[in-house]
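The values are calculated or read from the model by the stated rules, or taken from the named source; none is laboratory data. Keep in mind it's a predicted model, so treat the numbers as computed, not measured. Glycine also receives a Cβ, built like all others from the backbone with ideal geometry; neighbour counts cover every protein chain displayed. Note: accessible area is taken over every heavy atom of the protein model, side chains too, but ligands, DNA and RNA are not part of it. Shrake-Rupley method; radii C 1.70, N 1.55, O 1.52, S 1.80 Å.
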Amino acid sequence: MQTVVTRIVIVDDHTLVRDGLSEMLNAEPEFLVVGEAGDGARAVEVIAAKSPDVVLLDVGLPDRDAAGTLRRILDVVPAVRVIMVSVYDEPRIVQELLRGGARGYLLKTVSRQDLVAAVRAVVADDERVVLSVSRASMTQVHAPAPSEPGLLSAREREVMTLVAQGMTNGQTARQLAVAEGTVKHHLRNIFAKLGATSRIDAVNKAIAASLITGQGGDRG
């Protein structure tokens, strides 16, 4: 059976880092690095031209605007999975970038095995968020969201209520009379807002923050 190739763009201002990541990823039979860039503006150009599946984006680019670069990347290729790679182990930065649509945040000390696993994870699961940060940062990122009624929109609360009842994306879409892709989009936004990395994590955080009730139980 033919291997499905995951096309990757690497964005980092250090040539040696780009070369090392490229060599590492191209050693995997299902990965292909199709482009590189050393700054945010060039990154957007390369990604628009190549339409990769995954982008590895350095947080510390010279323009110091990782959130803005992330936003522009998602504007030109909305379906791309962007994994942030950074030397900064700072919960505030992690949360900001996850809310902005990043699908992962990895410290540059991450092992080759964990990097490869992270890329595979975000490709395999449209809702998966991958994190490799310190225990202290992880604790803060995963802390229950504050009880703010406006944290989730009314539609996002509807989606979470149905997810808490055990509904699949397809069942949720039919219940709300929307496309399944719309449900996935809502879930990605919810994950970012709550700092959640899975459906169960999102449900637990939404209940803890009193954004939904825990009365639904599993359907099945």
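Lys and Arg at +1, Asp and Glu at -1: add these up for the other residues within a Cβ distance under 9 Å of Gly101 and post the number.
Values: positive: Arg71, Arg99, Arg103, Arg188; negative: none.
Combined, the nearby Lys, Arg, Asp and Glu give +4.
Working out 0.36 nm times the residue gap between Thr168 and Arg7, then minus their Cα-Cα distance, what length gain in nm do you get to one decimal?
55.1 nm
Provide the solvent-accessible area of Phe31, counting protein heavy atoms only and rolling a 1.4 Å probe, rounded to the nearest 10 Å².
Phe31 has an accessible surface of roughly 10 Å² with all protein chains in place.
For the pair Ala79 and Asp19, how long in nm is the line joining their label points, each one 7 Å along Cα→Cβ?
Distance between label points: 3.5 nm.
Place the peptides 113-126, 96-109, 79-92 in order of packing, highest mean first, counting for every residue the other Cβ atoms within 10 Å and averaging per peptide.
96-109, 79-92, 113-126
Subtract the Cα-Cα distance of Ser111 and Arg71 from 0.36 nm times their separation in residues, and report this length gain in nm to one decimal.
Difference between extended and current length: 11.7 nm.
On a full-extension model of 0.36 nm per residue, what is the gain between Ser198 and His185, subtracting their alpha-carbon distance, rounded to one decimal in nm? Please list the in-between numbers first.
Values: separation 13, 0.36 × 13 = 4.68 nm, distance 1.40 nm.
Answer, rounded to one decimal: 3.3 nm.
State the Cα centre-to-centre distance between segment 1-35 and segment 73-103 in whole Å.
If you average the Cα positions of each part, the centres end up 19 Å apart.
Tally Lys/Arg at +1 and Asp/Glu at -1 over every other residue whose Cβ is under 10 Å from the Cβ of Ser86; what's the total?
Charge balance near Ser86 sits at -2.
List residues of segment 9-41, by number, whose backbone nitrogen lies under 18 Å from a label position 7 Å along Cα→C-beta of Arg64.
Once the point is set 7 Å along Cα→Cβ of Arg64, 13-14, 39-41 turn out to lie under 18 Å by backbone N, inside segment 9-41.
Could you do me a favour and compute the accessible area per residue for segment 1-108, 1.4 Å probe, result in Å²?
With the other protein chains kept in place, segment 1-108 gives 47 Å² per residue.
Does segment 6-142 come out rounded, prolate or oblate by the C-alpha gyration tensor, with a ≥ b ≥ c the root eigenvalues, rounded set by a/c under 1.5 and, if not, prolate when a/b is larger than b/c and oblate if not? All intermediate terms of the calculation are to be shown ahead of the outcome.
On the way: a/c = 1.35, a/b = 1.17, b/c = 1.15.
In terms of gyration-tensor shape, rounded.
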